[in-house]
Amino acid sequence: MQKKVNHILLISSSYPTIGEGSAAAGSFVYDFAMELSKHTKVSVLTPGISKNEENTNDVDVFRFKVPKLPLSLLKLYYPTHWLHIVRTLRSGSRALNKLLKRKSVDHILALWVLPSGFWALKAFQNSGMSYSCWALGSDIWSFQNNIFGRLLLNKILSNAKYIYADGYILKKDVTNITNRNCTFLPSTRVLPKIPPKNEEHSGTRFAFLGRWHHNKGIDLLLDALHLLSATD
């Protein structure tokens, strides 16, 4: 018989503050935390520009200070980033260890494999705290072809109780790294309902659904649309 999980700690590399929309993947982590909190106690540990604690709809959010945000901009191939990376990893480990001593946590869900899974692994090695990992994509694809990165990914995933991935191809990639079953778990948002507009218009309208980021190629889509003529 499995032990009931009364308190889940989410570790996320980004998590928005109220009214802030620049946390990228952290935006849907907020919705996920709110939904999960309907079923059990949920807390969130996440980096911030300063150390603080807050509570939103009964979800406790603990922020630990890091030298640079967002963490996604820190790159191993930039020597000037190495000190920031080391300090961030140490800061996260210290914050997690202190939090586990303060709060009664039953399980950790690391979003994503890196760096959150690294912190969860350290807690597992220090105290035996169980954890699971949710792979997003960039955390896997950025390191899987590097021998040392792949070894670290395998170490983190091998010790996780459950493994999830935000994509079917990603799910296969995770399985190839660790030879373990990986469950597909999509990322979702809770969006406000917008009433349809009853306005007449001529011609065709296009809508872009995606994140406004240069890596997503929206600029190429706009350039392609400009190439269309009235007869296309």
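Taken together, the values in this text are just the output of simple stated rules run on the coordinates, not laboratory data. Source: prediction; values computed, not measured. Backbone-built Cβ (ideal geometry, glycine too); neighbour counts: all protein chains shown.
DSSP beta bridges confined to the range 7-184 are antiparallel in about 15 percent of cases.
Put a plus charge on the Cβ of each Lys and Arg, a minus charge on the Cβ of each Asp and Glu, and nothing anywhere else: the dipole of the range 7-184 about its Cα centre is then about 760 debye.
Note on Lys98 and Glu54: with the Förster distance fixed at 22 Å, the Cβ-Cβ geometry gives a FRET efficiency of about 0.85. Remark: Ser91, Ser116, Ser50 ranked as Ser50, Ser91, Ser116, counting other beta-carbon atoms within 10 Å and listing the fewest first.
Annotation: the range 7-184 has a Kirkwood hydrodynamic radius of 16.3 angstrom, from the mean reciprocal C-alpha pair distance. Residue separation of Leu151 and Arg205 scaled by 0.36 nm, minus their Cα-Cα distance, works out to 14.6 nm of gained length.
Of the trypsin sites (Lys or Arg not before Pro) found in the range 147-182, those in coil by DSSP whose Cβ has at most 15 other Cβ atoms within 10 Å are Lys161, Arg180. In plain terms, the residue of Thr88, Thr17 with the fewest other Cβ atoms within 10 Å comes first and the most crowded comes last, giving Thr17, Thr88.
Return the lysines within reach of Lys171: Cα separation strictly under 20 angstrom, same-chain partners fewer than 8 residues apart disregarded; answer none if there are no such residues. Answer for Lys171, where 20 Å is the Cα cut-off: Lys155, Lys161, listed by chain and number. Taking 0.36 nm per residue of separation and subtracting the current Cα-Cα distance, fully stretching the chain between Arg87 and Leu225 would add 45.2 nm. Neighbour counting of Cβ atoms within 10 Å sorts the residues Lys4, Lys193, Lys98, fewest neighbours leading, into Lys193, Lys4, Lys98. For the range 87-147, rounded, prolate or oblate, judged on the Cα gyration tensor with a ≥ b ≥ c (square roots of eigenvalues), a/c < 1.5 rounded, else prolate if a/b > b/c? In terms of gyration-tensor shape, prolate.
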